[in-house]
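First up is the structure itself, then whatever we jot down about it.
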Amino acid sequence: MTAERETMKLSFILPIYKVEDYLTQCIDSIWSQLTEDSEIILVDDGSPDRCGVICDDYAARDPRIRVVHKENGGLSSARNAGMDIARGDYLCFVDSDDYIEENTVPKLMDWIHRGGADICFLKTHKVYPDGTRLLLGENLEADSLRTREAALHHLATRPIYPGSAWGKLFRRAFLEKNGFRFPKDRRLSEDLIYCLDAYLKAETFDSLDFPFYCYRQARPGSITRKIDARYYFDTFLFVQEAADRFRENRTSPEGKLALSVAAYEYAIRVCELVELSGADWDKAYAMLKDYRWVLSYGLTGKTKLVNTAVTVLGLKNAAKLLDFYQKHRN
């Protein structure tokens with residue numbers, strides 16, 4: 001990132017790979033609202049379909065749309081490539097199989113012009129193929145984010161941890177000052193550690209209370225659709241990193257947030273244990289035993305419920321019961 005480049009107010013960064021059927025809707029949802037001081041960066045991550053051609057077609061029609069073509073390197077690599085050329089004072093990551101609501105970019109620009117914050121949370125809805133829309137978690141309350149310590153506590157106690165890079169605005173100067181980059185090891189939990197690090201370093205937070213991000217559900221081929229061994233162990237890597245980093249500093253606001261988030265992800269891994277078998281199950285069970293202590297630091301209702309189940313029934317039986325409950329509840 002260079003200080004000499006022309007600056008804008010807002011950059012939308014779209015990592016793109018094998019989303020030919022959804023890409024036009026995603027780009028159009030942003031392009032139709034672009035202002036003169038906002039831009040779209042399309043990062044074609046070596047997509048084997050027509051995504052690259054679609055990107056070039058949009059860029060040819062509007063100088064505010066720029067394209068990066070690169071060899072496939074995964075989601076982290078694509079986002080980093082977009083960050084490298086972004087000119088906006090703020091960055092907004094949008095996954096290219098999702099889209100944003102109408103008439104929202106002017107509201108974002110108004111917030112930016114009023115001063116902004118290091119991180120701003122935006123309201124997200126899950127959108128299903130039949131048109132059903134459900135709010136993802138709870139919208140974070142702006143009044144609970146006014147001080148840094150209050151914000152960290154608020155984040156630590158949310159029913160659903162806001163651990164995705166999308167659905168937020170990040171001040172670019174804040175990211176650059178702290179050298180934040182998405183991990184290069186091609187893990188599937190890249191958002192979790194990136195967002196946690198950002199929350200732990202941010203000085204100012206805010207939240208906007210209008211529907212913005214549309215998170216598409218049940219898309220065939222989505223990397224988050226199926227629980228398999230790679231997904232399981234990639235996400236557990238986050239539990240290990242967060243827990244090990246704050247093992248000796250558990251009572252600070254930063255430690256409480258990190259361990260609460262680690263406990264949240266640990267609780268999910270308990271519920272998913274039954275999806276594994278053979279050597280993968282043995283490995284996962286051993287990891288859960290090693291980090292059992294993390295669960296007691298959970299501050300949400302879900303983590304407390306899982307902690308009670310594991311304490312009373314043990315890991316194996318708790319995993320079976322929680323899986324049964326989850327499937328019948330759904």
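Below are the figures for this structure:
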quantity: Residue within segment 253-264 that is more than 15 Å from the chain's Cα centre (by Cα), over 30 Å from residue 114 (Cβ atoms) and either among the polar types (S, T, N, Q) or surrounded by fewer than 19 Cβ atoms within 10 Å (Cβ to Cβ) (or both) present; calculated: yes
quantity: Among (1) in contact (Cβ under 8 Å) with a residue 12 or more places away in the chain; (2) of a type in the set (Phe, Trp, Tyr); (3) out of contact with any Gly (no Cβ under 9 Å at 6 or more places or on another chain) - the single one residue 246 does not satisfy; calculated: (3)
quantity: Count - residues of segment 9-36 that are over 25 Å from residue 129 (Cβ atoms), touching a Gly at 6+ places or on another chain (Cβ under 8 Å) and open to solvent by 20 Å² or more (accessible area, probe 1.4 Å); calculated: 1
quantity: Tally, over segment 84-110, of residues that are aliphatic (A, V, I, L, M) and in contact with a Phe, Trp or Tyr (Cβ under 7 Å, 6 or more places away or on another chain); calculated: 3
quantity: Segment 100-119 residues that are touching a residue at least 60 places away in the same chain (Cβ under 8 Å) and farther than 16 Å from residue 213 by Cβ, paired with ones that are open to solvent by 70 Å² or more (accessible area, probe 1.4 Å) and in a loop (DSSP other than H, G, I, E, B) (beta carbon under 8 Å, 6 or more apart); calculated: 118/203
quantity: Residue check, residue 149 in a loop (DSSP other than H, G, I, E, B), out of contact with any strand residue (DSSP E or B) (no Cβ under 9 Å at 6 or more places or on another chain) and in contact (Cβ under 8 Å) with a residue 12 or more places away in the chain; calculated: no
quantity: Qualifying residue in segment 21-32 (condition: in a helix (DSSP H, G or I), within 21 Å of residue 111 (Cα to Cα), touching an Asp or Glu at 6+ places or on another chain (Cβ under 8 Å) and in contact (Cβ under 8 Å) with a residue 40 or more places away in the chain); calculated: yes
quantity: The listed residue being surrounded by 18 or more Cβ atoms within 10 Å (Cβ to Cβ), under 14 Å from the mean Cα position of the chain (by Cα) and modelled with pLDDT of 95 or more, out of 145, 175, 152, 169; calculated: 169
quantity: Residue in segment 197-220 that is within 26 Å of residue 117 (Cβ to Cβ) and of a type in the set (Lys, Arg) present; calculated: yes
quantity: So residue 88, is it at pLDDT 95 or above and on the phi > 0 side of the Ramachandran plot; calculated: no
quantity: Wholly enclosed strands (runs of 3 or more DSSP E) of segment 50-138 bearing at least 3 residues of a type in the set (A, V, I, L, M), more than 23 Å from residue 187 (Cα to Cα) and open to solvent by less than 30 Å² (accessible area, probe 1.4 Å); calculated: 119-127
quantity: Residue in segment 273-280 that is open to solvent by 70 Å² or more (accessible area, probe 1.4 Å), touching an Asp or Glu at 6+ places or on another chain (Cβ under 8 Å), charged (D, E, K, R) and not in a loop (DSSP other than H, G, I, E, B) present; calculated: yes
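The values are calculated or read from the model by the stated rules, or taken from the named source; none is laboratory data. Remember, it's a predicted structure, so these values are computed and weren't measured experimentally. Don't worry about glycine lacking a Cβ; one is built from the backbone with ideal geometry, like all the others, and counts go over all protein chains shown. For the accessible areas, the whole protein counts, side chains as well, though only heavy atoms, and no ligand, DNA or RNA atoms are used. Shrake-Rupley method; radii C 1.70, N 1.55, O 1.52, S 1.80 Å.
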